[in-house]
1. Take the stretch 1-38 and flag every residue that is surrounded by fewer than 16 Cβ atoms within 10 Å (Cβ to Cβ) and among the small types (Gly, Ala, Ser).
2. Report, ordered by the first and then the second residue, all pairs with beta carbons closer than 9 Å, sequence separation of six or more or different chains, a first member in the stretch 52-65 that is under 11 Å from Gly91 (Cα atoms) and in a helix (DSSP H, G or I), and a second member that is within 11 Å of the ligand (Cβ to nearest atom) and open to solvent by 60 Å² or more (accessible area, probe 1.4 Å).
3. Which residues, counting only those in the stretch 44-75, are within 11 Å of the ligand (Cβ to nearest atom), open to solvent by less than 10 Å² (accessible area, probe 1.4 Å) and among the hydrophobic types (A, V, I, L, M, F, W, C)?
4. So for the stretch 176-197 (the condition being out of contact with any strand residue (DSSP E or B) (no Cβ under 7 Å at 6 or more places or on another chain), in a loop (DSSP other than H, G, I, E, B) and of a type in the set (Lys, Arg)), does at least one residue qualify?
5. When the residues of the stretch 155-175 are filtered to those that are in a helix (DSSP H, G or I) and open to solvent by 60 Å² or more (accessible area, probe 1.4 Å), which remaining residue is nearest to Ala141 (Cα to Cα)?
6. Show the residue pairs meeting these rules: Cβ distance below 7 Å; 6+ apart or different chains; first residue within the stretch 1-28 and free of Cβ contacts under 8 Å to residues at least 40 places away in the same chain; second residue small (Gly, Ala, Ser) and more than 16 Å from the ligand (Cβ to nearest atom).
7. Considering Leu78, Leu41, which residue is more than 16 Å from the ligand (Cβ to nearest atom), open to solvent by less than 50 Å² (accessible area, probe 1.4 Å) and closer than 21 Å to Arg11 by Cα?
8. Does Thr33 satisfy being in contact (Cβ under 8 Å) with a residue 12 or more places away in the chain, within 13 Å of the ligand (Cβ to nearest atom) and within 18 Å of Leu100 (Cα to Cα)?
Amino acid sequence: MKTLLLVEDERDLLQNNRTFFEARGYAVLTAETLKEAREQLAARAPDAILLDIMLPDGLGLDLLRELREKGDHTPVLLLTAWGRPQNIAEGLRAGANDYLPKPFDYDVLLARVETMIRNVERIPETITKGALKLDLAASEAFVSGEDLLLTPKQFSLLLHFVQHEGQTMAAEYLYKKIWGKPLNRDSGALKSAVSQMRRKLAGSGYAISSERGVGYCFEKE
Ligand code: CA
């Protein structure tokens, strides 16, 4: 049985959503505030979260960012009365898997939830490259079984490299992808992350090469 966490402060809507999903075989957790949602998430790991944006104690987007910063990739669908394009774009950039403006059609909502959960299930649990192993569920990486003790950003960077093996990626692109903001003139964070990653990859059979002014490439040694 799949478990959904519904975060919604409009009680009637929350009740309707709960009834709808329970009737379709889902276990449903509910929260009317960010605080309640954090408490639910501390106790249980739902298969997906339906997240309202405007909540009495803050923005759903803040909870979403917290989850993604912790490396928690539970699929999140934003249910929002804010149909304005910039809110949708902001939500997707903050790590939402999907969104649906209110009022929504229940058939569409169900299909979106099923799709989000199916897409997550399709992601392999681990990726192995030579002596390097990435555990996607735990956001951990190992070389010959030794934990590289990566921060969430380092793990995202490594995963991005591994998923684009042999492709040279510009520093601006990588920084935007991992840090979620433009590189501007501060390339220090990326340079330092890459140089740490190079040390950590020693013995894995893979390395990160760089081409001045072009970018970085993850490839076999
Ligand atoms: Ca609301």
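The values are calculated or read from the model by the stated rules, or taken from the named source; none is laboratory data. What you are looking at is a predicted structure, and each value in this text was computed from that prediction instead of being measured. Quick reminder, even Gly has a Cβ in these numbers, built from the backbone with ideal geometry, and neighbours come from all protein chains shown. Quick note on the areas: whole protein, heavy atoms, side chains included, nothing else; ligands and nucleic acids left out. Shrake-Rupley method; radii C 1.70, N 1.55, O 1.52, S 1.80 Å.
1. Ala23, Gly25, Ala27
2. Correct list of pairs: Gly60/Met54.
3. Hits for the stretch 44-75 are Leu51, Ile53.
4. yes
5. Gln163
6. Short answer, once both residue conditions are applied: Met1/Gly25; Met1/Ala27.
7. Within the list Leu78, Leu41, the selection yields Leu41.
8. In short, no.
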